[in-house]
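See below for the structure under consideration.
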Amino acid sequence: MQQVIIDCDPGIDDALALEFAIKSKELDVLAITVVAGNAPVDIGVENAFKVLERCDRLDIPVYRGAEAPLKRSYVSAQDTHGMDGFGESEIIRRSTVHVQEETAEAFLANFFAKKREVGILALGPLTNIALALKSNQKLGQNMQRFVTMGGTYKSHGNCSPVAEYNYWCDPDAAKVVYETLDTLVEMVGLDVTREIVFSPNILEYCHRISPDTGDYLRKLTRFYFDFHWQYEHLLGCVINDPLAVAYYISPEICSGFESYTTVETTGMSIGQTLVDRYNFWQKEPNAKILETVNTKEFFTQFLTVLLDAPEATIASDLNLLKLG
Ligand code: BDR
Ligand code: CA
């Protein structure tokens, strides 16, 4: 079992990713740190608790992180995720468990003050990680692994022609992380996550296998479906963050290459991931950029966990129904 801390901005796809990670037998989620991103940080904290409540895992501590990016003005993605960050699903929180007193940045910096067999899976803007790194320069060296959902190599952006939301929201933090973390940054970007379309047929399938889970997924994704239809004429929604969980558990699900990478912080291309694949800058690779993904394997793993069903059943149904 791999121990991991999840830094996130829940967020519809973050909520799915958190549930996938928490319920997965391969991962032990030690803590959740929340950052301003899809929704303001306090809403994100509430949503993290909603997921923990749903998973009956209120024992996992939640830390509140940065309210705004390092330098830029904060722009949420509530147009995509709803004002409540949860697709305006009206899913409510019942528990009264409190967020931890320590900030997310302080928790991360202190936790990795010594070497740990624990990695970080970052599903939102990298502000908390950059702040923790400022106070603990050994952060990267002391963690087992660092996987980030963000950026884009060849695929077009989702906030500008060239920028993906997490890095566009806080490009300065993303740049700090790529340039100074001092451990390989494994980038699960739009090149691979755009392949992960949670379609109306998959949703219907979920409902057939587990009506309760199907109802929850319907509520959570309705707003996201509408957004994708309005902006991209796509039926369904792209669920970026759960792919980062699947890749964390099974790296062979994606393939890619190592390269020196940084992030643009100014001008029209702000937030763009600059991937020096052909080594113009003659710098040592600091990142692994993922390019291809086995979508069927992803959906098999994801639905097996979310629907609590036998893997063989899910795999054979996906084949028969030509899903995934
Ligand atoms: C990323 O931005 C957010 O909207 C999603 O939660 C995901 O982490 C995709 O660009
Ligand atoms: Ca996210």
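The values are calculated or read from the model by the stated rules, or taken from the named source; none is laboratory data. None of these values were measured; they are calculated from a predicted model. Note that each Cβ is placed from the backbone with ideal geometry, even for glycine, and that neighbours are counted across all protein chains shown. Each accessible area value is taken on the protein alone, full model and side chains, heavy atoms only, with ligands, DNA and RNA left out. Shrake-Rupley method; radii C 1.70, N 1.55, O 1.52, S 1.80 Å.
In summary, LEU121 fulfils each of the numbered conditions (1) at pLDDT below 95; (2) open to solvent by less than 10 Å² (accessible area, probe 1.4 Å) with the single exception of condition (1). Which of (1) open to solvent by 10 Å² or more (accessible area, probe 1.4 Å); (2) among the β-branched types (Val, Ile, Thr); (3) within 11 Å of ligand 1 (Cβ to nearest atom) is the odd one out, the single condition ILE12 does not satisfy? The failed condition is (1).
Listed here are the residues, each with its yes/no results for (1) more than 24 Å from LEU323 (Cβ to Cβ); (2) within 13 Å of ligand 2 (Cβ to nearest atom); (3) in contact with a helix residue (DSSP H, G or I) (Cβ under 8 Å, 6 or more places away or on another chain); (4) at pLDDT below 95.
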| site | (1), (2), (3), (4) |
| --- | --- |
| GLY150 | yes, yes, yes, no |
| TYR153 | yes, no, yes, no |
| ALA173 | yes, no, yes, no |
| GLU195 | no, no, yes, no |
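Of the residues examined, THR304 is not one that is open to solvent by 10 Å² or more (accessible area, probe 1.4 Å), in a loop (DSSP other than H, G, I, E, B), touching an Asp or Glu at 6+ places or on another chain (Cβ under 6 Å) and among the hydroxyl-bearing types (Ser, Thr, Tyr).
Conditions tested, residue by residue: (1) in a helix (DSSP H, G or I); (2) buried (at least 19 other Cβ atoms within 10 Å of the Cβ); (3) of a type in the set (Gly, Ala, Ser).
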| residue | (1), (2), (3) |
| --- | --- |
| PHE107 | yes, yes, no |
| ARG116 | no, no, no |
| ILE129 | yes, yes, no |
| THR152 | no, yes, no |
| HIS156 | no, no, no |
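Please go through region 22-40 and pick out each residue that is under 22 Å from ARG94 (Cβ atoms) and either of a type in the set (Ser, Thr, Tyr) or buried (at least 23 other Cβ atoms within 10 Å of the Cβ) (or both). Once the filter is applied, which keeps residues that are under 22 Å from ARG94 (Cβ atoms) and either of a type in the set (Ser, Thr, Tyr) or buried (at least 23 other Cβ atoms within 10 Å of the Cβ) (or both), region 22-40 yields ILE32, VAL34, ALA39. No other residue among ASP28, ASP79, ASP14 is in contact with a strand residue (DSSP E or B) (Cβ under 7 Å, 6 or more places away or on another chain), acidic (Asp, Glu), in contact (Cβ under 8 Å) with a residue 40 or more places away in the chain and on the phi < 0 side of the Ramachandran plot apart from ASP14. The set of residues in region 223-253 being more than 16 Å from ligand 1 (Cβ to nearest atom) and either buried (at least 19 other Cβ atoms within 10 Å of the Cβ) or not small (Gly, Ala, Ser) (or both) consists of TRP229, HIS233, LEU235, ILE249, PRO251, GLU252, ILE253. All conditions in (1) of a type in the set (Phe, Trp, Tyr); (2) buried (at least 16 other Cβ atoms within 10 Å of the Cβ); (3) modelled with pLDDT of 95 or more hold for TRP281, with the sole exception of (2).
A quick yes/no check of all residues on (1) over 21 Å from GLY271 (Cβ atoms); (2) away from ligand 1 (no atom under 16 Å from the Cβ):
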position	(1), (2)
ALA109	yes, yes
LEU133	no, yes
LEU139	yes, yes
MET143	yes, yes
THR148	no, no
GLY157	no, no
PRO161	no, no
CYS169	no, no
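Kindly indicate whether GLY140 is of a type outside the set (S, T, N, Q), away from ligand 2 (no atom under 16 Å from the Cβ) and open to solvent by less than 10 Å² (accessible area, probe 1.4 Å). Taking the combined requirement at face value, the residue satisfies it.
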